[in-house]
Amino acid sequence: MKLVLVGTGYVGLVSGSCFAEFGYDVTCVDKDKSRILELKKGKCPFFEPGIEELLSKHRDQTKLLSFTSSLPEAMEGADIIFITVGTPSKRLEEDADLSAVWNVAKDIANNIKKYSLVVTKSTVPVGTTKEIKKIISKIVPKENFDVVSNPEFLREGSAINDFMRPDRIIIGADNEKSTKIMKELYRPLYLLETPIITSSIESSEIIKYASNSFLATKISFINQVADLCESVGADVQEVAKGMGVDKRIGSKFLNAGPGFGGSCFPKDVKAFTSSAKKQNINFSILEAVNSYNQNRPLEISKKIINLKKYNKNSKLALFGLSFKPNTDDIRDSTSLKIAQHLFDQGIMINCYDPVSNDNTMDLFPKFNFFKNAYEASEGADAIIIGTEWNEFRALNFLKLKSLMKNLVIFDLRNIYNKQELSDLGFEYYGIGK
Ligand code: UGA
């Protein structure tokens with residue numbers, strides 16, 4: 001089977017390299033010529049554990065993976081074409097910006113020569129895949145193509161494993177022929193007993209948004225429980241543990257923290273609310289999730305300032321800048337939002353991230369950047385753990401003690417134990433404790 005993926009972001013490159021691992025002939029296309037040039041040289045545009053090895057294996061050894069900026073060239077003999085372009089939020093609006101999707105659909109239509117399956121893997125609002133079908137049918141006879149919705153559920157930081165061992169595959173199709181081709185495509189996963197769920201195209205599109213929005217709701221819920229725990233002297237980790245063993249609730253995504261960030265949850269919650277609004281449905285739960293989450297970084301920074309009366313003369317060390325560990329993605333990073341609020345009050349920010357210092361420097365040039373956590377802590381009035389990278393889980397507190405001006409820790413990811421740090425002489429503040 002010959003596959004084409006249009007768009008070389010996380011979804012395009014991870015899916016492309018994993019499909020090559022299954023043994024398919026894969027071409028990744030992007031109109032960004034410099035990005036394609038870098039990929040041909042073996043450079044991945046983002047940090048993701050394992051991706052460079054997989055890309056180079058299939059580019060250089062198996063030769064199953066190639067890159068091009070020419071869609072006509074890529075589509076020569078292609079059986080399945082995946083749309084994997086970004087669908088960010090529109091500026092100042094809740095809606096997803098689908099301009100890249102529409103352009104790609106037109107380009108694909110202009111290059112279909114034999115029967116092809118066009119698959120939306122990008123996260124797109126309900127109705128989009130049918131709209132793509134309309135666009136293509138203006139140019140291509142209906143017997144020469146079908147459209148399918150096949151959303152992706154991989155997470156940044158564990159993307160390859162998520163793709164190779166997913167909880168489920170969703171195939172939204174409107175006929176038997178396309179469902180059959182998609183089932184054949186995912187046969188390697190079916191052999192691992194991955195549930196393959198077929199549905200209508202509309203249900204499939206909604207499954208993706210409803211899943212992300214539900215997880216985001218779970219996070220905001222536990223964060224509000226954390227607020228209550230803080231006020232009454234309970235511990236949100238104990239509460240989450242007690243809730244999570246109930247199989248109907250489940251223990252995942254019950255980690256209280258500074259709020260959800262990244263390139264997916266914040267935009268998807270907004271776009272899903274907007275889809276509902278267009279049908280005159282008031283998705284008030286999601287509106288609350290969104291507004292609470294948007295406010296949370298400001299509320300946390302206020303709490304930090306008020307607790308210790310930090311001011312223009314204060315210096316805080318920030319550990320972790322990416323929106324989660326194992327990625328250099330800083331889009332909608334709550335750690336950085338909190339740092340910006342603190343900086344706006346005149347507080348000096350000394351920061352360190354294992355892989356995101358360079359990305360952050362361009363956007364936050366007034367922060368100070370350091371090569372490791374210890375250098376960032378020199379003379380600091382407190383440490384803020386903003387992202388739970390593994391290397392922050394076993395810090396040398398004796399060394400930190402000798403470097404810091406004041407021994408205070410704000411652990412926004414609850415990775416330490418209050419008693420243990422108090423015994424070491426630190427004043428410890430977690431979330432919801
Ligand atoms: C999310 C979904 O988990 C993926 O299934 C989906 O494919 C992806 O969006 C997407 O739509 O492309 P991702 O944004 O990469 O994946 O990362 P998550 O691990 O879901 O974390 C999202 C945010 O929630 C992070 O800011 C994280 O710190 C926060 N979070 C997560 C919590 O605050 N608490 C938790 O218990 C879990």
Cα-projected label distance for residue 37 with residue 366, points at 7 Å along beta-carbon direction, nm:
3.5
With every protein chain left in place, what is the accessible area per residue of region 77-137 in square angstrom, probe 1.4 Å?
41
Skipping prolines and chain starts, which residues have an amide H placed within reach, meaning under 5 Å, of the one on residue 2, given they are 5 or more residues away or on another chain?
79, 80
Hey, any idea what % of the chain's accessible area is carbon plus sulfur with a 1.4 Å probe?
52
Could I have the simple spin-label model distance between residue 197 and residue 165, label points 7 Å from Cα toward Cβ, reported in nm to one decimal?
2.1
Would you mind checking the tilt of helix 176-185 against the longest principal axis of the Cα atoms of the chain, expressed as 0 to 90 degrees and rounded to 10?
60
Among 15-22, 138-145, how do they line up from the highest to the lowest mean number of other beta-carbon atoms within 10 Å?
15-22, 138-145
In degrees between 0 and 90, to the nearest 10, how far off the longest principal axis of the chain does helix 99-109 point, with axes built from Cα atoms?
20
How would you order 304-310, 247-253 from highest to lowest mean count of nearby Cβ atoms within 10 Å?
304-310, 247-253
What does region 2-199 give for Rg and for Dmax, in Å, if only its C-alpha atoms count?
15.8, 46
Efficiency by 1/(1 + (r/R0)^6): what FRET value for residue 214 and residue 417, r their Cβ-Cβ distance, R0 = 25 Å, to the nearest 0.05?
0.25
Mind listing the phi-derived Karplus ³J(HN,Hα) values for region 258-264, rounded to whole Hz, using 6.51, -1.76 and 1.60 with θ = phi - 60°, and x for any glycine or proline?
x, x, 7, x, x, 8, 10
Please compute the length gained on full extension between residue 137 and residue 307, using 0.36 nm multiplied by the number of residues separating them and subtracting their Cα-Cα distance.
55.0 nm
Is there a quick way to get the dipole size of the chain? I mean about its Cα centre, with the Cβ of Lys and Arg at +1 and of Asp and Glu at -1; what is the value in debye to the nearest 20?
420
How big is the Kirkwood radius of region 200-433, worked out from every pair of different alpha carbons and given in Å to one decimal?
18.6
Apply the Karplus curve 6.51 cos²θ - 1.76 cosθ + 1.60, θ = phi - 60°, to the phi angles in region 153-159 and return the couplings in whole Hz, x for Gly and Pro.
10, 5, 9, 5, x, 9, 5
Under 17 Å Cα-Cα from residue 418, which lysines qualify once same-chain neighbours fewer than 8 residues away are excluded?
401, 433
If you count only protein heavy atoms with a 1.4 Å probe, what accessible area per residue comes out for region 287-338, rounded to a whole Å²?
43
Between residue 52 and residue 396, the two model label points (7 Å from Cα along the beta-carbon direction) sit apart by a distance in nm of 2.6
If r is the Cβ-Cβ distance from residue 144 to residue 62 and R0 is 35 Å, what FRET efficiency results, to the nearest 0.05?
0.70
Cross-link pairs 43/106; 33/130; 252/303; 63/183; 218/241; 208/241 - those with Cα-Cα distance over 23 Å:
43/106; 33/130; 252/303; 63/183; 208/241
Under the rule of at least 5 residues apart or a separate chain, name every residue whose amide H is placed under 5 Å from the amide H of residue 89.
97
Amide H neighbours of residue 318 under 5 Å, counting only residues 5+ apart in sequence or on other chains, H built in-plane at 1.01 Å?
350, 351, 352, 384
17 Å Cα-Cα reach of residue 309 towards aspartates and glutamates, excluding residues that sit fewer than 8 places from it in its own chain:
299, 344, 381, 427
Residue-wise, which Karplus ³J(HN,Hα) couplings in Hz belong to region 286-295, taking 6.51 cos²θ - 1.76 cosθ + 1.60, θ = phi - 60°, and x for glycine or proline?
6, 4, 5, 4, 5, 5, 4, 5, 5, 7
Fully extended, how many nm does the chain gain between residue 252 and residue 70 (0.36 nm per residue separation, minus their Cα-Cα distance)?
61.3 nm
Principal-axis tilt of helix 201-232 within the chain, Cα atoms, nearest 10 degrees:
10
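The values are calculated or read from the model by the stated rules, or taken from the named source; none is laboratory data. Predicted, not measured: the structure shown is a model, and the values here were computed from it. Reconstructed Cβ throughout: ideal geometry from the backbone, glycine too, with neighbour counts over all protein chains shown. Remember, those area values only see protein heavy atoms, side chains included, never the ligands or the DNA or RNA. Shrake-Rupley method; radii C 1.70, N 1.55, O 1.52, S 1.80 Å.
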